[in-house]
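S.K.: My structure is below; once you've seen it, I'll send some questions.
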Amino acid sequence: MQEKEQEGDRRSEHRETVKRFVDAFDRQDWDKARECLSRDFWAVWPQTRERFSRDDFIAMNAAYPGRWRLRLRRYEETPEGAVSVVHVTSEAGGAGHYATTFYRFEGDAIRSIEEYWSAEEPAPEWREPFASPIE
């Protein structure tokens, strides 16, 4: 019983860590974001074949132009860690993006992420007869 409680506590800690991480990115509080990551953290963006260390990941995001807003849309525990979907919009307007992120943890810190980005875009006309729009 105690082992199940510890696992539940750990999962709750992981959820809170991801919430703090997304919130820190939303506020562009790079020091707070860094605190959520383990010292040997790494991030991978498979679609662009890039890998980032903790400091490079934070520095790259801090250097990204514009003011971006993030909203955690979904969070699920997995046997290996967790996965989230975050909606990212620019205060300047334009299309938003979705970041789907797979997390691994070390204690209550994020040890690694594998992240996939997709842009919001209109559905192609040919699919119109098959789909209903969502808001």
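S.K.: Starting from region 118-135, keep only residues that are closer than 25 Å to Val86 by Cα, then list their pairs with residues that are at pLDDT 95 or above and part of a strand (DSSP E or B) whose Cβ atoms are within a distance under 6 Å, requiring at least 6 positions of separation or different chains.
M.R.: Ser118/Tyr98; Ala119/His97
This table checks each residue for (1) within 13 Å of the chain's Cα centre (by Cα); (2) surrounded by 11 or more Cβ atoms within 10 Å (Cβ to Cβ).
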{"position": "Arg20", "(1), (2)": "yes, yes"}
{"position": "Ala43", "(1), (2)": "yes, yes"}
{"position": "Asp56", "(1), (2)": "no, yes"}
{"position": "Asn61", "(1), (2)": "yes, yes"}
{"position": "Glu80", "(1), (2)": "no, no"}
{"position": "Ser90", "(1), (2)": "no, yes"}
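S.K.: Which of the residues that make up region 42-89 are at pLDDT 95 or above, more than 19 Å from Phe105 (Cβ to Cβ) and among the hydroxyl-bearing types (Ser, Thr, Tyr)?
M.R.: Thr48, Thr89
S.K.: Quick one: which helices (runs of 4 or more DSSP H) sit completely within region 1-111 and have at least 2 residues that are without any contact (Cβ under 8 Å) to a residue 40 or more places away in the chain and among the aliphatic types (A, V, I, L, M)? First the steps, then the outcome.
M.R.: Values: elements: 2-26, 30-35, 54-63.
In region 1-111, the matching helices (runs of 4 or more DSSP H) lie at 54-63.
S.K.: So Ser132 clears everything in (1) over 30 Å from Asp40 (Cβ atoms); (2) assigned to a strand (DSSP E or B); (3) of a type in the set (Ser, Thr, Tyr) except one condition, right? Which one?
M.R.: (2)
The values are calculated or read from the model by the stated rules, or taken from the named source; none is laboratory data. Since we're looking at a predicted model, the values are computed, not measured. Glycine also receives a Cβ, built like all others from the backbone with ideal geometry; neighbour counts cover every protein chain displayed.
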